[in-house]
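One structure is given below, encoded as structure tokens.
The values are calculated or read from the model by the stated rules, or taken from the named source; none is laboratory data. Predicted, not measured: the structure shown is a model, and the values here were computed from it. Glycine also receives a Cβ, built like all others from the backbone with ideal geometry; neighbour counts cover every protein chain displayed. Surface accessibility is based on the protein's heavy atoms, side chains included, excluding ligands, DNA and RNA. Shrake-Rupley method; radii C 1.70, N 1.55, O 1.52, S 1.80 Å.
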Amino acid sequence: MKAGEDKLVERIVEALADKGGPNLALGVGDDAALSRPRPGYEIILTCDWFLEGSHFLRSKHSPDSVGWKCLARAVSDIAAMGGQPKCFLLSLALPQTLTGRWLHHFLTGLRRAARSFSCPLAGGDTTRRDEILISVTVIGEVRAGEAIRRSGAKPGDLIFVTGRLGEAELGLRSLRSGRTQRGRGDLSLKKHLYPEPRLALGQWLARRRIATAMIDLSDGLSSDLSRLCAASRVGARIAIGKIPRVKVLGGKASKRPDATELALHGGDDYELLFTVRPNRARGLPAAFEGVPLTCIGEIMHERRLVCVGPGEREGTLAVRGWDPFRRRE
């Protein structure tokens with residue numbers, strides 16, 4: 001007779017295991033999986049925690065959205081390097097009481113994400129714990145020499161972002177308050193619960209060698225731009241008025257979240273921030289597969305972050321995105 005954990009693993013495998021494609025020589029079912037990289041490609045490895053209380057709330061977030069988002073977050077790192085996901089490993093700890101209906105819906109969301117991103121399960125681990133802890137490791141690939149790193153930005157490069165920034169943070173605030181915005185509330189909530197990694201755009205930029213540096217916006221524009229600049233040993237100058245922001249509607253104006261603050265410091269958008277040489281930027285489309293591409297500034301030699309506001313007033317861009325180790329007041 002199978003023990004409790006064996007039954008749990010069997011349910012996960014039944015829900016998620018696919019044939020795995022040509023890159024998996026051996027998938028789920030042994031002590032470890034075997035990956036078969038293609039000639040002329042490099043392997044991309046990334047992992048991501050998704051923790052109850054820090055990244056999601058059991059009372060607010062549906063298990064289906066938790067399943068989708070735990071994989072989408074990690075896959076976004078593959079997109080940021082211009083790569084293609086190939087498979088993932090799942091480490092899951094949860095209470096005994098959640099191995100029924102909650103687990104079923106979690107696996108449903110995770111299965112939809114795995115199929116949407118063409119990223120099958122290759123293995124993982126399970127254990128029992130009072131709170132839900134999820135760790136996802138994604139293995140991807142990119143053509144040798146085409147990976148887009150954070151460290152390639154040069155002075156004079158133009159800075160682009162995809163989509164609208166601040167939507168996911170607004171969605172989280174709406175979820176916590178129990179109130180959604182009329183008109184755009186459903187969209188911001190969807191952006192928070194079911195983010196879409198920009199895989200196709202990342203691969204397009206890599207194949208054409210357009211982007212000189214790139215990072216995904218997981219912790220907020222201010223924090224992630226700072227990281228890209230630090231890796232490239234450069235600074236940046238951005239125009240506040242050019243940043244594509246979510247529209248905040250409803251309620252008294254004095255109580256509405258500030259759209260600029262959401263765009264600068266709100267996390268979880270999983271859009272891409274990338275830099276392009278000016279002569280290559282002229283050939284960029286205004287949108288890629290319906291996702292807007294917006295130039296918001298330029299890279300500069302001086303290693304500081306500058307924001308330009310109304311009336312061309314310059315100031316220092318404070319780095320106030322998500323940081324789990326920052327002391328909260």
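Ignoring ligands, DNA and RNA, what accessible area per residue does the chain give at 1.4 Å, in Å²?
The answer is 50 Å² per residue.
Any idea how far the Cα center of region 203-245 sits from the one of region 99-134, in Å?
Taking the Cα centre of each part, region 203-245 and region 99-134 sit 31 Å apart.
Taking amide H atoms as placed 1.01 Å from N in the peptide plane, list the residues 5 or more away in sequence, or in a different chain, whose amide H sits under 5 Å from that of GLY124.
LEU90
Per-residue accessible area for LYS242 at 1.4 Å probe radius, Å² rounded to 10?
It works out to around 120 Å².
Taking the Cα-to-Cβ direction at GLU10 and at ARG303 and moving 7 Å from each Cα, how far apart do the two end points lie in nm?
Placing both labels 7 Å beyond Cα along the Cβ direction yields 5.8 nm.
Work out how much length SER59 to ALA286 would gain on full extension: take 0.36 nm times their residue separation and subtract the Cα-Cα distance, in nm to one decimal.
77.8 nm
Leaving ligands, DNA and RNA out of it, rank TYR270, TYR194 by accessible area with a 1.4 Å probe, largest first. Before the final figure, lay out the partial values.
Numbers: TYR270 10, TYR194 60 Å².
The ordering from most to least exposed comes out as TYR194, TYR270.
Within the chain, how many Lys pairs that are eight or more residues apart, or on different chains, come under 17 Å at the alpha-carbon?
9
Find how many whole Å separate the alpha carbon centroid of region 153-177 from the alpha carbon centroid of region 41-78.
Here the two parts' Cα centres lie 18 Å apart.
Round to a whole number: what % of the accessible area of the chain belongs to carbon and sulfur, probe 1.4 Å?
49
Largest first, how would THR99, THR162 line up by accessible area (1.4 Å probe)?
Details: THR99 30, THR162 0 Å².
Sorted by accessible area, descending: THR99, THR162.
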